[in-house]
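Working notes for the structure below.
The values are calculated or read from the model by the stated rules, or taken from the named source; none is laboratory data. All values derive from a computational prediction rather than experimental measurement. Because the Cβ atoms are built from the backbone with ideal geometry, glycine has one as well, and the counts that use them run over all protein chains shown. Calculation scope for accessible area: heavy atoms of the full protein, side chains included, ligands and nucleic acids excluded. Shrake-Rupley method; radii C 1.70, N 1.55, O 1.52, S 1.80 Å.
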Amino acid sequence: MAALSAVPSMEDLKVKFQESSLIFPYKETPKKSIFLSNIDQILNYDIPTAHFFKANPAFPPEIVAKRFKFALEKVLVPYDFMAGRLKLNRELGRLEIDCNAAGAGFVVAKSDVSLDEIGENLVYPNLGYRQLAVQRLDSLPPEVDQPLCVFQVDFYMHMFLSL
């Protein structure tokens with residue numbers, strides 16, 4: 001059996017988390033439950049994805065994070081399920097999405113490592129890739145359910161990332 005070898009420069013991306021919060025729809029959304037199909041009931045797992053974009057020098061990281069946060073507030077109105085939570089429908093014994101506007105996760109992080117240094121080998125299950133995907137918001141108190149969606153903006157030298 002072959003072992004995956006991590007590229008040494010990618011084992012530690014030196015990711016520093018700066019902000020972790022919940023983002024809410026900018027206006028009220030209807031309260032409802034969304035039925036999950038049989039496939040959704042069985043195949044219930046996260047798939048971390050990463051999208052890289054060239055940075056625009058006219059927009060410093062703080063402005064990009066602020067705009068991204070504002071855009072999410074607007075998107076969470078028509079896509080209200082992204083700000084919901086999984087809940088068990090006790091009558092049917094099935095999971096549903098409770099569209100309750102409880103908020104989507106939002107994380108801002110930065111790294112001194114540039115994407116040029118990382119190269120094109122940053123793919124799952126590389127140890128460096130695992131640092132990019134926030135699985136849960138540690139800033140939430142234990143009594144608050146974790147969000148269904150967590151959006152993360154990572155700033156690298158010359159690029160930024162959206163998960």
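For segment 44-56, check the following and say yes or no: at least one residue is modelled with pLDDT of 80 or more, β-branched (Val, Ile, Thr), open to solvent by less than 100 Å² (accessible area, probe 1.4 Å) and within 20 Å of the chain's Cα centre (by Cα). Let's see the steps before the verdict.
Kept after step one, since they are modelled with pLDDT of 80 or more, are these residues of segment 44-56: none.
Scanning segment 44-56, I find no residue that is modelled with pLDDT of 80 or more, β-branched (Val, Ile, Thr), open to solvent by less than 100 Å² (accessible area, probe 1.4 Å) and within 20 Å of the chain's Cα centre (by Cα), so the answer is no.
If a residue must be over 20 Å from GLN41 (Cα atoms) and free of Cβ contacts under 8 Å to residues at least 40 places away in the same chain, how many such residues does segment 71-107 contain?
Qualifying residue count for the region: 4.
Here's a check for you: in segment 1-43, which residue that is among the hydroxyl-bearing types (Ser, Thr, Tyr) and either modelled with pLDDT of 70 or more or over 30 Å from VAL64 (Cα atoms) (or both) is least open to solvent (accessible area, probe 1.4 Å)? Give the derivation first.
Taking segment 1-43 and keeping what is among the hydroxyl-bearing types (Ser, Thr, Tyr), we get 5, 9, 20-21, 26, 29, 33, 37.
Restricting the remaining residues to those that are either modelled with pLDDT of 70 or more or over 30 Å from VAL64 (Cα atoms) (or both) gives 5, 20-21, 26, 29, 33, 37.
Numbers: SER5: 105, SER20: 48, SER21: 29, TYR26: 125, THR29: 10, SER33: 56, SER37: 47 Å².
Among residues in segment 1-43 that are among the hydroxyl-bearing types (Ser, Thr, Tyr) and either modelled with pLDDT of 70 or more or over 30 Å from VAL64 (Cα atoms) (or both), the one least open to solvent (accessible area, probe 1.4 Å) is THR29.
Does LYS14 meet the test of being more than 23 Å from LEU95 (Cβ to Cβ) and in contact (Cβ under 8 Å) with a residue 40 or more places away in the chain? Please lay out each step first, then the result.
Values: more than 23 Å from LEU95 (Cβ to Cβ): yes; in contact (Cβ under 8 Å) with a residue 40 or more places away in the chain: yes.
Yes.
Any residue that is modelled with pLDDT under 80 and more than 28 Å from GLU28 (Cα to Cα) - is there at least one of those in segment 133-150? It would help to see each step written out before you state the result.
First pass over segment 133-150, keeping only residues modelled with pLDDT under 80: 133-136.
Checking the rest, the ones that are also more than 28 Å from GLU28 (Cα to Cα) come to 133.
Checking segment 133-150: at least one residue is modelled with pLDDT under 80 and more than 28 Å from GLU28 (Cα to Cα).
Could you please give the count of residues in segment 58-113 that are open to solvent by 20 Å² or more (accessible area, probe 1.4 Å), in a strand (DSSP E or B) and over 23 Å from ILE39 (Cα atoms)?
2
Go through the residues of segment 94-111 one by one and say whether even a single one is at pLDDT 90 or above and basic (Lys, Arg).
yes
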